[in-house]
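Notes follow the structure.
The values are calculated or read from the model by the stated rules, or taken from the named source; none is laboratory data. Computed from a predicted model, the values in this text were never measured in an experiment. When we count neighbours, we look across all protein chains shown, and the Cβ atoms used for this are built from the backbone with ideal geometry, even at glycine. The protein model used for the area step is the full one, side chains on, heavy atoms only, and it has no ligands, DNA or RNA in it. Shrake-Rupley method; radii C 1.70, N 1.55, O 1.52, S 1.80 Å.
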Amino acid sequence: MLDKERIITKICDAGIVAVVRAESSEQARRIADACIEGGVAAIEMTFTVPGAHKVIEELARTYTKGEIILGAGTVMDSETARISILSGAQYVVSPHFNAETVKLCNRYRIACMPGAMSIKEVVEAMEAGADIIKIFPGDAFGPKIIKAIKGPIPYAKLMPTGGVDVHNVDQWIKAGAVAVGAGSSLTAGAKTGDYAAITTVGKEFVKKIKEARGLA
């Protein structure tokens, strides 16, 4: 088990977290595999997926050599957070800030990424010990929200989710996001069974993030 700080560093280095939503555990697993093949190593398995904790367990068993940064998403409460940690999740993502969830994650030294929509929520989540703040829904604001928050709080680690795609990911990164969460814009191919498309889009995301960081 990697320490919490190393997980956070790996997520920031990767620059992208794949938000996996699916109609079945099999589809979720195939999406995760396609993302990893495309270089998107951070997988957020959401608890809207049927049997999500079992998919997390399976991925943890399959990828044992550090090729995956495995997280749980849509974690609404501390009970679900504990289940996800016991299943093998290395970080926990929520759509909102829930103090008990952050407290539980800190108790077990698991990286926690709660959602926030305002400066007040960002500060409250940071005060509670959140590691990265998920700016959600990102499409309600656009990249300018990152710059606006980092004006008074330059040390905030922010990750927008919602409305991030290959055409605007560079704007989010340049605005100061440490990483982005990508859902349907990355995984849409699964709806038609085109998992190769997910791998292709994943590679494009990774390339655009590197270019935005001046690393390409």
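Residues whose amide H comes within less than 5 Å of that of VAL17, counting only those at least five positions distant or on another chain, are VAL180, GLY181, ALA182 (H built at 1.01 Å from N in the peptide plane). Of the residues ILE85, VAL19, PRO160, the one whose Cα sits farthest towards the positive end of the charge dipole of the chain is PRO160 (charges of +1 on Lys and Arg Cβ, -1 on Asp and Glu Cβ, taken about the Cα centre).
Expressed per residue, the C-alpha convex hull volume of the range 83-194 stands at 111 Å³. Across the accessible surface of the range 39-90, with the other protein chains kept in place and a 1.4 Å probe, carbon and sulfur atoms take up 53 percent. For the range 182-205 versus the range 1-44, the spacing of their alpha-carbon centroids is 13 Å. In sequence order, the range 154-159 has phi-based couplings of x, 8, 5, 8, 10, 10 Hz under the Karplus curve 6.51 cos²θ - 1.76 cosθ + 1.60, θ = phi - 60°, and Gly or Pro positions carry x.
Out of every Cα-Cα pair that the range 136-201 contains, those further apart than 13 angstrom amount to 62 percent. Charge dipole of the range 129-216 (Cα centre as origin; +1 on each Lys and Arg Cβ, -1 on each Asp and Glu Cβ, all else neutral): 280 debye, rounded to the nearest 20.
Scoring 177-187, 49-59 by mean Cβ neighbours within 10 Å over their residues and listing the highest first yields 177-187, 49-59. The Cys residues in the chain with no partner Cys Cβ within less than 4.7 Å of their Cβ are CYS12, CYS35.
Please compute the contact order of the range 1-87 in relative form: average sequence separation of alpha-carbon pairs under 8 Å and at least six residues apart, divided by the residue count, as a percent. Each step should come with its number before you reach the end.
Details: 110 pairs, mean separation 24.0, N = 87.
Relative contact order, the range 1-87: 28 percent.
Computed 3J(HN,Hα) for the range 39-52, one whole-Hz value per residue from the Karplus formula 6.51 cos²θ - 1.76 cosθ + 1.60 where θ = phi - 60°, is x, 8, 7, 8, 10, 9, 7, 7, 7, 8, 6, x, x, 3, glycine and proline marked x.
Just the number, please: Stokes-Einstein D of the chain in µm²/s, Kirkwood Rh from C-alpha pairs, 37 °C, 0.692 mPa s. Rounded to a whole number, D works out at 196 µm²/s.
Report the relative contact order of the range 83-216, percent, no decimals, based on alpha-carbon pairs under 8 angstrom and at least 6 residues apart. Present the calculation step by step, with values, prior to reporting the outcome.
On the way: 199 pairs, mean separation 21.7, N = 134.
With pairs under 8 Å counted, the relative contact order is 16 percent.
A 1.4 Å probe run over the protein chains yields, for the chain, 44 Å² of accessible area per residue, whole-number rounding. Basic side chains Lys and Arg get +1 at the Cβ, acidic Asp and Glu get -1 at the Cβ, and with that the dipole of the chain about its Cα centre reaches some 460 debye. Phi angles of the range 94-103 translate, via the Karplus equation with coefficients 6.51, -1.76, 1.60 and θ = phi - 60°, into HN-Hα couplings of 10, x, 9, 8, 10, 4, 5, 5, 4, 4 Hz per residue; Gly and Pro are given as x.
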